[in-house]
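Only the coordinates and a few stated rules stand behind these numbers; no lab work does. Keep in mind the model is a prediction, meaning the values are calculated, not measured. So basically every Cβ, Gly included, is an ideal-geometry build from the backbone, and we count neighbours across all protein chains shown.
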Amino acid sequence: MIQKELKKLVVYGAFLVIILTPMLGFRSTTFEPGRVLKILGIFMTILVLNIVVKFIRSQKKDDGRKKTPWTEVVRKRINRYPKVYTLGGLLALAFAFPMFADNYMIDVGITCLIYVCLGLGLNIVVGLCGLLDLGYIAFYAVGAYTYSLLNLTFGLSFWAALPLGIVLGMVVGCIIGYPTLKMRGDYLAIVTLGFGEIVRLVLNNWDSLTAGPNGLFGMKRPALYYPSFGEDGFTWVTYYLKSLPSLYYFILLIAILTIIGVRRLDNSRIGRAWIAIREDEVAAELSGVPTTWIKLLAYALGAGFASVAGAFFAAKLSYTNPNFFLFMESCIVLCIVVLGGVGSIPGIVVAAFVLIAAPEVFRGLENFRMLAFGGIMTTMMILKPEGLIPASRRRRELRADQEPPPKD
Amino acid sequence: MTNPQAILKLTDVHTYYGNIHALKGISCSISKGEIACLIGANGAGKSTTLMTIFGVQRASQGKILFNGKPIQDLKPEKVAALGVSQTPEGRQIFPRMSTYENLEMGAFLRRDKGEVQKDLEWVFSLFPVLKDRMGQLGGTLSGGEQQMLAIGRALMSRPELLLLDEPSLGLAPKLVEVIFETILQINQDSGTTIFLVEQNANMALGISDTGYVMETGKIVLADKSSVLLESEQVKKAYLGE
């Protein structure tokens, strides 16, 4: 067995040398073998570790007992306490976070929470309704640009622009939803992908409105108003949320509201109808589900949640440009949904933190941090295809062998 | 056949799939409270007839009256709201929803919770095995159980007219018998009118009052089921005698 593995190692090594040398070895015209060796070393270490793990595993005797996976153990441990404690603990942690974190960590936290909102919004479309949407970031862009333009042109405040942004996002959601009503799977994915790119290109090229690739800047931050009783009587004082902690608390509030909203939708009649459509559209139609409207509603609501996140994003940076809304972003949001467990709210929240924080943690690897990202995704899909914290429905589907057998 | 008691009346209905002329002028009339069956070979247009009645396929020509009301232009959810219910061909249940949730989906359009509960009990009394399988995912049920679930789900909307598309498809003969007995029982218990589409002509004609024979998009024979069972033409083509 060892011999076989060593043979594999040599073959893999040779293969990597062939691939990596031309890719990494040349910087403009000079040949730098050091760079190749560095990366090759990393890969080979991983492969050697793999062999060691395999060897140790083969030495261990199979005691015949079925082991419960560690995720199940953790789940049981957590479920032992009443839910209030778990949720309360998490909330307290989230609220206390800015007090012991530095600005950089808070900034990453804000980004994570934005992606929590996006992931939950996409979960409605992909997870519940089963419509694969690869252009989801377009709705995020709509939200960001709606707030930016309304604020810069008409001086509308964040609170006044937000409902307009949501409505516009929902309208755009319906615009992409309507022509694709009859489509499913791959076809729908391609159309939504194209749509996402169209939105980005329009933003990039419509110079007179969106200032093209330069982007828009100078938007006001979200403001809070509180009454003041000064010398000249009662007045409203405006407090702009400029500091990172205040912005963090603001997006935390939005994320919590999103979680509550998506949870309520999940358990509602509409949620049931979405799941029925995902399962079998004809059967849903025959059960009296108005499929056209319910599907459009999924698009519209998903887009609505994304636009809220987008408006916040633009307001936070006070800057926006079309390159924030690349196809890569849609991919990341989709990865969050899949990694977390399609249809599972806690899973998506955890996955958003893992996937957004991971590239930050691996920033030391420079350009190769996306490699770490890919590694995490691949490992996850092999080890836990149903996601980090799978929705109960989906866990059972992928572990169908554990269901009681049918008897006829 | 003119029938003042008709719950469902089709007059010269044509349906196309693109260029394919699937239904070439179907006319039939089903009376309240009876079991009618539509038999025919593969591809004769039996399922298309049901889909056209339900509005999933649009009739390009002709009239469909349900309780005297034209329904040929209505969307499926509107037809369902009027009191028509259908089990799709090939037991299309919701595989990743539990048995209970599947049944609940059948009552999607209803808001009278107490009555829904009563109907649920009734479905469980018709198919006791579903009660044992309440929390199990639909996709993990056996073929027979899935068919029972599909019929149960269709009953949960408390329909006036129940359209059944090949309930015997792919089931063991023993199970087919059980299913057909239950269909008869549903008709007797609740007075639900049943329109049954079947390839198993013998069984279908055995429990139904009226029978229609379909060939390549047309109804070629229509009579009392007992008469059809004796008819030489039917015997030769469908009963294998």
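Here are the numbers:
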{"quantity": "Inter-chain Cβ neighbour average for residues A:274-281, partner chain, 10 Å", "calculated": "5"}
{"quantity": "GNM flexibility winner over chain A from A:Leu224, A:Leu301, A:Leu37 (Cα, springs under 10 Å)", "calculated": "A:Leu37"}
{"quantity": "Cα long-axis angle, helix A:269-279 against chain A (0 to 90 degrees, to the nearest 10)", "calculated": "40 degrees"}
{"quantity": "Label point distance in nm, A:Val10-B:Ser125, each placed 7 Å from Cα along Cα→Cβ", "calculated": "7.8 nm"}
{"quantity": "Label-zone membership for segment B:5-27, site B:Lys63, 7 angstrom Cα→C-beta point, backbone N under 15 Å", "calculated": "B:5-14, B:26-27"}
{"quantity": "Cβ-Cβ FRET estimate between A:Tyr104 and A:Val73, R0 fixed at 41 Å, reported to 0.05", "calculated": "0.75"}
{"quantity": "Square roots of 5 times each gyration tensor eigenvalue, C-alpha, segment A:2-59, largest first, Å", "calculated": "29, 11, 6"}
{"quantity": "Angle between chain A longest axis and helix A:158-177 axis [Cα atoms, degrees, rounded to 10]", "calculated": "60 degrees"}
{"quantity": "Efficiency of FRET from Cβ geometry, A:Arg264 and B:Val227, R₀ 60 Å, rounded to 0.05", "calculated": "0.55"}
{"quantity": "√(5λ) per eigenvalue of the Cα gyration tensor, segment A:146-272, largest first, Å", "calculated": "35, 23, 13"}
{"quantity": "Charge sum, other residues only, whose C-beta stays under 14 Å from A:Met23's C-beta, Lys/Arg counted +1 and Asp/Glu -1", "calculated": "+2"}
{"quantity": "Computed [θ] at 222 nm, helices only, for the protein assembly as shown once each DSSP H run of length n ≥ 4 contributes -39500 (n - 2.57)", "calculated": "-18000 deg cm²/dmol"}
{"quantity": "Listed residues A:Glu197, A:Glu231, A:Glu72, most fluctuating in chain A (Gaussian network, C-alpha, under 10 Å)", "calculated": "A:Glu231"}
{"quantity": "Rg and Dmax [Cα atoms of chain B; Å; Rg one decimal, Dmax integer]", "calculated": "17.2, 50"}
{"quantity": "Peptide B:201-214, shielding by other chains (average Cβ, 10 Å cutoff)", "calculated": "0"}
{"quantity": "Fraction of alpha-carbon pairs over 19 Å apart in segment B:121-213 - percent", "calculated": "37 percent"}
{"quantity": "Extension gain from B:Tyr100 to B:Thr11, taking 0.36 nm per residue of separation minus the Cα-Cα distance", "calculated": "28.2 nm"}
{"quantity": "Within a Gaussian network of chain A (alpha carbon springs, distance under 10 Å), most fluctuating of A:Thr29, A:Thr235, A:Thr111", "calculated": "A:Thr29"}
{"quantity": "Normalised contact order of chain A, rounded percent, pairs of Cα under 8 Å and 6 or more residues apart", "calculated": "23 percent"}
{"quantity": "Positive minus negative residues near A:Leu247 (Lys, Arg vs Asp, Glu; Cβ under 14 Å)", "calculated": "+3"}
{"quantity": "Relative contact order of segment A:2-59, defined on C-alpha pairs under 8 angstrom at six or more residues apart (%)", "calculated": "35 percent"}
{"quantity": "Relative exposure of A:Phe327, A:Phe15, A:Phe139, B:Phe127, judged by other C-beta atoms within 10 Å (fewest first)", "calculated": "A:Phe15, A:Phe327, B:Phe127, A:Phe139"}
{"quantity": "Burial ordering of B:Ser142, B:Ser47, A:Ser243, fewest other beta-carbon atoms within 10 Å first", "calculated": "A:Ser243, B:Ser142, B:Ser47"}
{"quantity": "Sum of side-chain charges, B:Thr216 neighbourhood, beta-carbon under 15 Å (Lys, Arg +1; Asp, Glu -1)", "calculated": "+2"}
{"quantity": "Exercise: per-residue mean of other protein chain Cβ atoms within 10 Å, B:108-116", "calculated": "2"}
{"quantity": "Two-decimal Rg/Rh across the protein assembly as shown, once Rg and the Kirkwood Rh are taken from alpha-carbon atoms", "calculated": "1.06"}
{"quantity": "Top positive-direction residue, dipole computed over segment B:23-154 with Cβ charges, set B:Gly33, B:Pro76, B:Gly139", "calculated": "B:Pro76"}
{"quantity": "Tally of Lys pairs whose C-alpha atoms are under 30 Å apart, taken over segment B:97-235, 8 or more apart or cross-chain", "calculated": "8"}
